[in-house]
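**Student:** Handing you this structure, nothing more for now.
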Amino acid sequence: MDAGSAVCDVTEREERMAAEGYELSAEVSADLFQDYEARFEEGLRTVVAGIEATLAPTGSR
């Protein structure tokens, strides 16, 4: 998928979703589809922290 393609165009997506009656989806579009790398890293850190907490010895939780 090309970053410049219509599929990745957040503004176009927001307009299309609003026109189809999905205003809330249009409002969160930028939060969901922009800065993917930063959100991925944050999510990965959250998953790793959860695994660490789960695998930690009982006395250190």
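**Student:** Determine, for each peptide in 17-26, 45-54, the mean count of other beta carbons within 10 angstrom over its residues, then list the peptides with the highest first.
**Tutor:** In decreasing order of mean packing, 17-26, 45-54 become 17-26, 45-54.
**Student:** Report the full-extension gain for the segment A18 to I51: residue separation times 0.36 nm, less the Cα-Cα distance, to one decimal in nm.
**Tutor:** 8.0 nm
Rule-based calculations on the coordinates, nothing more; no lab input. Just so you know, these numbers come straight off a predicted model, no measurement behind them. Note that we place each Cβ from the backbone using ideal geometry, even for glycine, and neighbour counts take in every protein chain shown.
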